[in-house]
1. Please give every one of the aspartates and glutamates within straight-line cross-link reach of LYS66, meaning a C-alpha to C-alpha distance under 18 Å, and leave out same-chain neighbours fewer than 8 residues apart.
2. Beyond 34 Å, what share of the Cα-Cα pairs of the chain remains, rounded to the nearest whole percent?
3. Hey, can you grab everything whose amide H is under 5 Å from the amide H of ILE72? Only 5+ residues off in sequence or another chain; H modelled, so Pro and N-termini drop out.
4. Using +1 at the Cβ of each Lys and Arg and -1 at the Cβ of each Asp and Glu in the chain, identify which of ALA116, PHE174, GLY92 lies farthest towards the dipole's positive end.
5. How much length, in nm to one decimal, is gained on full extension between GLU192 and GLU311, taken as 0.36 nm per residue of separation minus their Cα-Cα distance?
6. Long-range amide H contacts for ILE83: which residues qualify at under 5 Å (H placed 1.01 Å from N, peptide plane, sequence gap of 5 or more or a different chain)?
7. With charges only on Cβ, +1 for K and R and -1 for D and E, what is the dipole size of the stretch 33-176 about its Cα centre, in debye, rounded to 20?
8. Where does each of 42-50, 306-314 land if you order them by average Cβ count within 10 Å, highest first?
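Each value in this text was obtained by applying a stated rule to the coordinates, not by laboratory testing. These numbers come from a predicted model, not from an experiment. Cβ atoms come from the backbone with ideal geometry, glycine included; neighbour counts cover every protein chain shown.
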Amino acid sequence: MAKEAKVVITDYVWESLEVEKTILQGLASLVPMQTKGPTEFLSQAADCDALLNTYAGPITADSIAKMPNCKIIARYGIGVDTIDLEAATAAGIIVTNNPTYCLEEVAEDAMALLLASARKIAFFDRMVRNERWEVPPGKPIFRLAGSTIGLVGFGNISRLVAVRAAAFGMRVLFSDPFVPDGKFSNLGTKVELDQLLREADFVSLHPPLTAQTRKMINADAFSKMKSTAYLINCSRGPVVDTDALVKALDEKQIAGCALDTTDPEPLPYPHPLRNRENVIINPHAAWYSEQAMAGLQSGAPNEVRRVLSGEWPINVVNPAVRGKNRAGL
């Protein structure tokens, strides 16, 4: 009888692992952990055959070198910025993500934050809770129809935001160097980032976090935005230079922001972004719905099952590893 593979879960944010146990039953034994980084999970992962990962990281070249039997690192979520992909590929480890489990949720959340900013929903709610029933303190408010949304990055989520924004009568601009000219012209107008920043009433961020996008929304970017514009971030916190954002708010270079993700995360208390009337902050909740949770929890272990069963997984983020990986695939 073949020996069961060892699958280590570095961390997870749900109550039960019955989904993982069912998917991997008879194929692997699960070692669930609740860790924050390799110094904690390598005690078990050093001899693992597969690693299931939520937030714990970064998974560096050094930690990858200490997992000589690992065939796959499967991220529960979308982003893989915490994994050294070059080191994983060189080591013959397949890396997968879960790119579609929460597309609608994040698009809906971006629009919800945009609407809340445009209509001063959170501001008025706080006023009423404090026994004030007044409209003037929320002025000015501008009609959404006819305004411009600028989408930075035009991947799956951003394109869903474009559809929703258009339904509200908004003009849609997008900037993405990886989208060919003329593609998706039915959803919006492609422009350079500088033009987008100058013309958008709402700048909504949707790029992946890479060396090139880290702190791309910086002091220079804020200097180009309208003083009436809002920044919406449902992507990754480090895409925005937090210090520059605080300064832009202090100097009224922009009207406000709505952030589902921050840098750092969680945002410490006290922090200069907290307790501002023109700032909305959520605890990285845009991904969540009951339906998304089901897709989140099943996606990564199914990729592990495929690899351990001798199948090529579906959502591989380092395709160069094909033909030269430890799984022999």
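1. Qualifying aspartates and glutamates at Cα under 18 Å: GLU40, ASP47, ASP49, ASP84, GLU86.
2. That tail contains 32 percent of the Cα-Cα pairs.
3. Amide H neighbours of ILE72: LEU51, ILE94.
4. So the residue furthest toward the plus end is PHE174.
5. Value of the extension gain: 38.7 nm.
6. Residues meeting the amide H criterion: ILE59.
7. Computed about the Cα centre, the dipole is about 840 debye.
8. 42-50, 306-314
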